[in-house]
Every structure is written in C-alpha cells, then in structure tokens.
Amino acid sequence: MASSSRKTPTIAQVRASTVRGKGADYHDQAGYHWIDDHIATPMSVYPEYRESRQSFGLNVLGTLVVEIEADDGTVGFAVTTAGEIGAWIVEKHLARFLEGRPVTDLERIWDQMYRSTLFYGRRGVVLNAISAVDLALYDLLGRLRGEPVYALLGGPVRDELQFYATGARPDVAKELGFIGGKMPLHHGPAEGEEGLRKNLDALADMRERVGEDFWLMWDCWMSLDVDYATRLARGAAEHGLRWIEEALIPDDYWGYAQLKRQVPPGMLVTTGEHEATRWGFRQLLETGVDIIQPDVGWCGGITELLKISALADSHGTMVVPHGSSVYSYHFVVTRTNSPFAEFLMMHETAEKVVPMFEPLLLGEPVPVNGRLRVPETPGFGVELNPDVERERPFTH
Ligand SMILES: C[C@H](O)[C@H](O)[C@@H](O)[C@@H](O)C(=O)O
Ligand SMILES: [Mg+2]
C-alpha cells in the first residue's frame, strides 16, 4: 500500500510580539467601559483601588502574539494576555523546545515547556505563555492540514454553539438572543451591609427587567469570603440567581468546598478562569464546584484543556471555558460536557455585539441571535490585523 511520502513540516522559527490597548488583554480599554466600572475585586478592601480595576493594574500585561513558522513558510499564530513578560518567556526560554521539531510534536513540546518552567511557573503568566504557544501550534497544524482546529479535536458534537453574555446589560443580552446574562458584582465585603443590599437590589431590578426564565449570574471576580458569598447567595435565591462565579480567591479550594455546601439548593457554584493545568483543576474538581471555567489562553492551551475536560467529565462537572473568542469556540463545539459558551460583551456599555478581541483579529466570528456555527476555515480561522501595531521586544 502506498505510504504517504509527505514529510511532516518542522518548526523553523518562533516569534513573540506585543500589542498595547484592547486585543487579547481585553481589560486594557481606554475611556469609559462597563468592564472597569466599580467592579468588586480582591483589591476592593483598599478604598483607593475600589472604583477601577485598571487603578491596581488589571491591564498591566497587554497582549502577547505568538507566531510559529514552519519550514515550508506556513505561519500559525495565537494571542493571549501576557505582553512583554510573555514575549520574554517565549523567546528566551520556550522557543528552544520548538525550533527544529516536527509541527506534530504537541505533547512532547507541551511537556518540555511545562517541566522546564516549573522552577518559576506552575500557574499565571508562564502558563499564559505556554498556552499561546500551544494554541499557535494548533493553528499552524490546522493550516498545514487544511482543517479547522475543531476537526483536529475529534469533530463537532453539535451544529452550533449557544452563548450566555457577560456584561452590564443582561436585559439587552436577552433581546439579542443569548441564553443568559452574567453581571459583574459591584460591591464586596468591605462595603458592608449597604453594599450587600445594593448588590441584591441590582439583581432584583435586573430580574424584573428580564422576567423569570432568563438566566442571571454574578461574576464576583475573587472578591468575597465564604460568609459574605453565602449570605449573598441566600439573598439572591429569591431572584433566581443561576450561578455565583469566582466568589473566592483561586487558592481557597477549602472555601469553595464550604461554599458549595452552603449555597441554596439549585444555585450553581462556578470558578476556574484563573486556575491552570490538570493538577490545579484536579484540586478544584475535588471541591465539588458545579462548572469549571478554564481560559484556554491561560490554563495551558488546548493540549492541557483536553486533559482538564476529561478529568471534569469523570466528575460529572461541566466545562464552560472563560470567554476567549475562537480559541474556546473550537474546543467547546467538540465537547459533550460543554453545552454552552461564554461571550464577553466588549462594547463599552454592553449594548452591542462586537468581536471580543477587536481590532486584533480579522475574521473574528461573533454570535448572531446568541448562536454561532464555528467556521470551517483552517486553523482557528482568523488572521492578524496588519493595521494593529505590534512590537517584537526580544529575539533569540
Ligand atoms: C466581568 C468579569 O469581572 C471579568 O472582567 C471577566 O473577564 C471574567 O471574569 C468573565 O467571567 O468573563
Ligand atoms: Mg469570571
């Protein structure tokens, strides 16, 4: 039988560049934006940092773009939140495990990137950088094979994705066809009973606007403690809060286990966007949370998210990745335990659907009427916008 004589392309060069303003670091917005309007955070205990998350540096990192060029000239790329720090890690450390290797060496490359950075990585921006390399490899492999990434992952288990929307206006999200609306929580424990009352009044008002059947959720962005989260959840039950998200800091696995035991029956406890690797999610899954929400650009990339998702499936836990545009869509459409996806409303008042990483990606798809058929275009199906200024701060 004729064997394929086609040589597997090898990786010729890895390049890391950065972008400031919007893009993959979607918290890096200029001017007014709902995503930076008095949102409760772990820093809310300091009044001077309560009004704005940019004030304490949520947007310090910026966007990292990783390009991987094969020896036939094909280039795959991916973007994440990591900026210059991520570019240094890619150029000065990770590139050595890729250049000269076959493009198909995803598992070997991932294992060497993870093991070699353990002395300073494990989670956080190192895993963001590893994720971007892994995603760029998948984009390159898809382009070389002429297939969308979802076809490399076993193919779609559903014809289209359905989305909930994250933003300040769930009432508008309902009109736009989304299945639910996740609101940022505005007041944390440091604002006392008055803040708790304001939170519950805001939820009651939104429930009034959207009616009884539309999902409403709170994103608490690591800002609470178990007692406050429990009281908030119990107060929210009468307004049908569907889930309480990321109530505690990521390392408080013990707190999540306790919160899961204390929230009203039927209310889901979710978290995970700032967790990384199969080991971090194993600890999280053992707390009994209902939905884990890894960001594929932060948790280790597709190669790691496949492992995390299988682990979750064995626990009967849903995996609904934190919004990361095409990078999560190609994954979610192939997983039976990922029944819906997140869409982050990046319009400044959350009243229109705009591409999440705008203006960075050409061809970035968006949900229409809250749904999306993932395009069959090879790789992740997007191109870098040449009009967006990029800088390559380091070389190797
Ligand atoms: C809306 C939240 O505060 C974050 O900005 C958001 O990025 C994330 O937590 C989410 O789940 O979308
Ligand atoms: Mg969140």
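Key figures for this structure:
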{"read-out": "Helix-only CD estimate at 222 nm, as mean residue ellipticity for the chain, using -39500 (n - 2.57) per DSSP H run (n ≥ 4)", "value": "-9500 deg cm²/dmol"}
{"read-out": "Expected-Rg normalisation [2.2 N^0.38 Å, Cα atoms] applied to the chain", "value": "0.97"}
{"read-out": "Fraction of antiparallel bridges per DSSP, the chain only, in percent to nearest 5", "value": "50"}
{"read-out": "Taking segment 236-287 and dividing mean pair separation by its residue count, relative contact order in percent (alpha carbons under 8 Å, at least six apart)", "value": "43"}
{"read-out": "Relative contact order %, segment 247-396, counting alpha carbon pairs below 8 Å whose residues are six or more apart", "value": "15"}
{"read-out": "Spatial separation of Cα centroids for segment 54-119 and segment 239-268, in angstrom", "value": "34"}
{"read-out": "Between segment 292-307 and segment 312-355, the Cα center-to-center distance that results, in Å", "value": "12"}
{"read-out": "Extension gain, D205 back to H347 (0.36 nm per residue minus Cα-Cα distance, nm)", "value": "48.9 nm"}
{"read-out": "Taking N as its residue count, the alpha carbon Rg of segment 52-200 over 2.2 N^0.38 Å", "value": "1.38"}
{"read-out": "Segment 7-22 - phi-based ³J(HN,Hα) in whole Hz, Karplus 6.51/-1.76/1.60, Gly and Pro as x", "value": "7, 5, x, 9, 7, 8, 8, 10, 10, 10, 10, 10, 9, 10, x, 6"}
{"read-out": "Summed residue charge, Cβ within 9 Å of H322's Cβ, Lys/Arg positive, Asp/Glu negative", "value": "-3"}
{"read-out": "Packing rank of 74-80, 210-216, 342-348, 94-100, where each peptide gets the mean count of other beta carbons within 10 Å, highest leading", "value": "74-80, 342-348, 94-100, 210-216"}
{"read-out": "Förster radius 45 Å - calculated FRET efficiency between R261 and F394, Cβ distance, rounded to 0.05", "value": "0.40"}
{"read-out": "For segment 210-302: relative contact order, % (alpha-carbon pairs under 8 angstrom, 6 or more apart)", "value": "26"}
{"read-out": "Amide H within-cut-off set for A341, under 5 Å, with H built and near neighbours excluded", "value": "Q162, F163, Y164"}
{"read-out": "Rough spin-label spacing in nm, given labels placed 7 Å along Cα→Cβ, for A190 and D213", "value": "4.2"}
{"read-out": "Whole-Hz couplings from phi, Karplus 6.51/-1.76/1.60, listed for segment 328-334; x for Gly and Pro", "value": "8, 4, 5, 7, 4, 5, 9"}
{"read-out": "Spin-label model distance (nm) - D72 vs R158, 7 Å beyond Cα toward Cβ", "value": "3.4"}
{"read-out": "Label point 7 Å beyond Cα of T104 along Cβ direction - residues of segment 141-168 with amide nitrogen under 12 Å", "value": "145"}
{"read-out": "Amide proton proximity set for V374, modelled H, under 5 Å, gap of 5+", "value": "L161"}
{"read-out": "For segment 153-238, projected area of the alpha-carbon convex hull averaged over all directions, nm²", "value": "7.4"}
{"read-out": "Under 5 Å, built H, 5+ apart or other chain: amide partners of G181", "value": "A165, W215, L216, M217"}
{"read-out": "Projected label distance in nm at R373 and D227, using a 7 Å step from Cα toward the beta-carbon", "value": "5.5"}
{"read-out": "³J(HN,Hα), Karplus 6.51/-1.76/1.60, whole Hz, each residue of segment 27-38, x for Gly, Pro", "value": "7, 8, 9, 9, x, 5, 8, 3, 6, 10, 10, 6"}
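We did not get these values from a lab; they are worked out from the coordinates using the rules stated. Remember, predicted model here, so these are calculated numbers, not experimental data. Reconstructed Cβ throughout: ideal geometry from the backbone, glycine too, with neighbour counts over all protein chains shown.
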